[in-house]
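Data block below; observations after.
The values are calculated or read from the model by the stated rules, or taken from the named source; none is laboratory data. All values reported here derive from a predicted model rather than from experimental measurement. Every residue, glycine among them, receives a Cβ derived from its backbone with ideal geometry; neighbour counts consider all protein chains shown.
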Amino acid sequence: MTRRLRRSDLAAAALTLLLAWLVIYPILVVGVDAAHPTALTAFFTRPGEWAALWASVWISLVSVILAAAIGVPLAFLFEWFDFPGRKTLGALIALPVVLPPLVGVIAFLFLYGESGFIARAVQSVFHLQNAPWRLQGAAAILLVHAYSMYVYFYLFTRAGLAKLDVSMLEAAQALGADRRATLWRVIVPLLRPSLVGAAMLTFMTALGSFSAPYIFGGGFRVMTTQIVATKLNGDLPLAMVETVALALVAIAGLVILGRTEGDDILVALGKGIAPRPRPIRRASVRWLAAIAGWGLAVLLLLPHLTLGLVSLVPYGAWTTEILPPVINLENYRRLFSEAERLRPMWNSLWMAAASTAVAVALALAGGWLVVRRRVALRRAIEALLALPWALPGTVFAIALATTFSVHAPLRLRFVLVGTAVILPLAYLVRALPLTGRGVLAAYRQLDPSLEEAAASLGAGRWRTLGRVTLPQLRPGLAAGASLAFVAALGDIVASIVLYTYETRPVSIEILSSLRLSETGVAAAFGVVLMLVSAVVLGVGARR
Amino acid sequence: MTGFLQIQAIEKRWGHDVTVGPISLDISRGEILALLGPSGSGKTTMLRLLAGFETADGGRIAVANEDVTPVPPAQRRFGMVFQHYALFPHLDVGQNVGFGLAGSRERGSVEAKVAAALALVDLRGYERRKVHELSGGQQQRVALARALAPEPRVLLLDEPLSNLDPALRERTRHELREVIKRVGITTVFVTHEQEEAFDLGDRIAVLNQGRLEQVGVPDELYEHPTNLFVATFVGRANVFRGRSARALGANGDGVLVVRPERLRFAQAGLPGIVRERRYIGAAAFFLIEGDDHERFEVLAEPDAAKVGARVYVEATRVIAL
């Protein structure tokens, strides 16, 4: 017994050190290097820096409000009311999830941009000389954020409503509370953890969002684009100060939001039975709901459809017409036949797969040590696994770029920038919270007596792991791994800072295609990413 | 005399072949009525119809001659204690108990009423406690205090004791009855346990497959069941037919129900072989197999017979159906 404990403590120490080296050490390096007098002075005196920081904060806050305003009512509609097409629509409504950030942004560009479908249609209908609008600045960024982030509020609120015990609502009624009172005094307080969770996720995603401000920002800078611009200008010290500033804002946001979550245990005491969806009785309202629902679905699907259509238009074939005059598979043929175009695809796939595999292995080791062995370092392991979630991707990109461009083996710093290792490493760091959360949650729900039963039936440690533990962990594991894989596949934030020509991933290739006005190829890449993401997420969500 | 709470031919249809009711019951002011039945008998549906959570497909419910059938639960002024209590986890004990008093204007009176309700269930000074810090028994009492605080006209309890461990159940049962009687509130509760119904209820309504089988005080149900379901569901019962029924004194082809304690070993009567003996302390149950392979139980002195022995059994009291 003592020997076993000592061995798992050793393993825990090794895992803690490895995670600390991956997750904390680069941040510390940046923090120390950022204490650079000229860079600090530059940051504090230039108005552009403060403007970008403030822009990041208010864009994130408004994104939270917009996403909540769309996602929460939708969740109530789909969880509580029954109308024609409810099931199909309820699944469709999570569609923005399958669009990686950059792909979603270019789809918006093709759809709502100044030379997109809608603008062209308006232009030709009203015979305008110029495009009727420009999709640029804060409004454009917020539009993309609202579209891609309301899903968090929608899913979290639906999950919260599904866990709501119907007897809570009946108890409120029996005590004389009418509908409004029940909503504000019972339902909203019980949903608070879900709402705060969604708000945190939206805030962090918006704060770390890079693609939308990068493509649509124009002169409007937020901190993420500011950091990358500074880095590409070669002013690394200033980029590090900016990185630290963004990290501090992220942590402050999490602390403030985390405080509103409170420490109440909001679990119903009995087993909860969720309310059944109520059919909408009045025919007119039913049809209104159905029409609004399908209209919404079309609105949500438009970016996907646009992407598909643009991907079928060969280079230079589409100039001023509303609809493209030529449609064929030329772009896809080029994608799959030209070696230079296949390479980014393979790069993205293997780097995403490798980072996900390692993230899963580390999460499994972490789950076993934290939940089963209850090692002394369990809090440290859990915190390290979760930490990358609390900081925007740009922060880690800059931190890894700084830490691993120096050869100093005694300080555990190696030259990895420019090699094929650095991008998978960056993806791995971002993947840890996703796989870690999935595996830890699944491990906590796993009844230890199942493993004990296997042992008592003569199964050894590996047989127990393979036949009992892993199959039981599978849903949580698959969910975490699929999210991590899709995030790595569509990553742009770390890639744009750390890629080399040889290891360039699809997102970088999309950007360069756009720069060469090869919109068809960019869209075709986008469609491939979207389909792979959809399949992987679909597999990961299977029970 | 008409009842304070009148249930008149109330009916609820689930789908085309599952129906609860029509059921009629009169409950007098201050009476505790138990709805007893196996699962699926419609007892919970009855309670939910009374509370207003289900709408009736026929019949009416009246309180003090006021028809409340169309009144929504929020205006019905029926207090309810839920099976799993449904205490609001985001509120403390005092806020839970005060929830139904929101209409009251003066703050002081709310606090006083909360304190009084908590005092009633012996939880004085528990206002600031968190719900999840309480034991199961305390949670049950908070749920009772919360239901009683708005001074409802009728109290409804859904399996009030099923969530407690058996050791606590008997004591809680007596406390519950005591509180209800002290308040004097008309009460309907649902249970599937005969002992609980006997102990807590003044009268018992036995339900089966959506129908009301019999209503009466415990003695009446036990000694004079009107049908085979009530006879076998309420208490232990041996059912005899044909030759063995006649051997115990039945005339004709009727069914005879005999409680195990109403059978005794004798020199003559219904013959059989003792197959099993289950010792319960003060007495023992003897499982007898008769000559026609019918099996029945006799409750007797622990040493009244031996396993494997051939015995004769006679009845001291029979229920002829």
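Any idea which of A:Leu183, A:Leu201, A:Leu191 is more than 14 Å from chain B (Cβ to nearest Cβ) and of a type outside the set (Phe, Trp, Tyr)? It would help to see each step written out before you state the result.
On the way: A:Leu183 fails: more than 14 Å from chain B (Cβ to nearest Cβ); A:Leu191 fails: more than 14 Å from chain B (Cβ to nearest Cβ).
Every option except A:Leu201 fails the conditions.
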Give the residues of the stretch A:121-176 that are without any contact (Cβ under 8 Å) to a residue 24 or more places away in the chain and of a type in the set (S, T, N, Q), sorted by residue number. A:Gln123, A:Gln129, A:Asn130, A:Gln173
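Go through the stretch B:187-208 and give me each residue that's assigned to a strand (DSSP E or B) and buried (at least 24 other Cβ atoms within 10 Å of the Cβ).
Result: B:Thr187, B:Val188, B:Phe189, B:Val190, B:Thr191, B:Ile204, B:Ala205, B:Val206, B:Leu207.
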Residue match in the stretch A:259-275 (condition: closer than 30 Å to A:Pro26 by Cβ, more than 14 Å from chain B (Cβ to nearest Cβ) and modelled with pLDDT under 85): yes
If only one of B:Ala112, B:Ala117, B:Ala167 is away from chain A (no Cβ under 11 Å) and within 18 Å of A:Gly176 (Cβ to Cβ), which one is it? B:Ala117
Number of the condition not met by B:Arg275 [criteria: (1) surrounded by 19 or more Cβ atoms within 10 Å (Cβ to Cβ); (2) in the same structural domain as B:Tyr312 (by TED's automatic domain parsing)]: (1)
Among (1) modelled with pLDDT under 90; (2) in a loop (DSSP other than H, G, I, E, B), where does A:Leu312 come up short? (1)
Scan of the stretch B:21-62 for residues that are touching a Gly at 6+ places or on another chain (Cβ under 6 Å) and at positive phi, ordered by number: B:Gly30, B:Gly42
Hey, among B:Ile23, B:Ile32, which residue is more than 14 Å from chain A (Cβ to nearest Cβ), within 21 Å of the chain's Cα centre (by Cα) and modelled with pLDDT under 95? B:Ile23
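Looking at the stretch B:89-105, can you tell me whether even one residue there is touching a helix residue (DSSP H, G or I) at 6+ places or on another chain (Cβ under 6 Å), of a type in the set (Phe, Trp, Tyr) and closer than 30 Å to B:Val131 by Cα?
The answer is no; no qualifying residue exists.
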Restricting to the stretch B:85-109, and then to whatever is farther than 18 Å from A:Ile187 by Cα, of a type outside the set (D, E, K, R) and surrounded by fewer than 17 Cβ atoms within 10 Å (Cβ to Cβ), can you tell me which residue is nearest to the other protein chains (Cβ to nearest Cβ)? B:Gly103
Would the stretch B:13-22 turn up any residue that is closer than 15 Å to B:Val215 by Cα and touching a strand residue (DSSP E or B) at 6+ places or on another chain (Cβ under 8 Å)? yes
Counting only residues in the stretch A:156-171 that are crowded, with 19+ Cβ neighbours inside 10 Å and more than 7 Å from every other protein chain (Cβ to nearest Cβ), the one nearest to the chain's Cα centre (by Cα) is identified as A:Phe156
Matching helices (runs of 4 or more DSSP H) fully within the stretch A:468-523 where at least 1 residues are under 18 Å from A:Leu335 (Cβ atoms): A:470-489, A:506-515
Report, by residue number, each residue of the stretch A:472-502 that is touching a Gly at 6+ places or on another chain (Cβ under 9 Å), touching a residue at least 60 places away in the same chain (Cβ under 8 Å) and of a type in the set (S, T, N, Q). A:Thr500
Boolean, B:Arg171 is exposed (fewer than 14 other Cβ atoms within 10 Å of the Cβ) and more than 27 Å from the chain's Cα centre (by Cα): no
Exactly one condition in (1) buried (at least 20 other Cβ atoms within 10 Å of the Cβ); (2) modelled with pLDDT of 90 or more; (3) within 27 Å of B:Ala309 (Cα to Cα) is false for B:Phe233; which is it? (3)
Residue satisfying condition, being under 29 Å from B:Thr232 (Cα atoms), basic (Lys, Arg) and within 14 Å of chain A (Cβ to nearest Cβ), within set B:Arg48, B:Arg13: B:Arg48
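Output the residues belonging to the stretch B:130-147 that are within 20 Å of B:Leu5 (Cβ to Cβ) and within 11 Å of chain A (Cβ to nearest Cβ).
Matches in the stretch B:130-147: B:Ala147 only.
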Considering the stretch A:384-415 alone, what residues qualify as being over 17 Å from A:Leu232 (Cβ atoms), aliphatic (A, V, I, L, M) and not in a loop (DSSP other than H, G, I, E, B)? A:Leu384, A:Leu385, A:Ala386, A:Leu387, A:Ala390, A:Ala408, A:Leu410
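Just need a number here: residues in the stretch B:136-161 that are assigned to a helix (DSSP H, G or I) and crowded, with 22+ Cβ neighbours inside 10 Å. Please lay out each step first, then the result.
Initially, the stretch B:136-161 is screened for residues assigned to a helix (DSSP H, G or I), giving B:136-148.
Right, trim to crowded, with 22+ Cβ neighbours inside 10 Å and you get B:139-148.
Residues meeting the conditions: 10.
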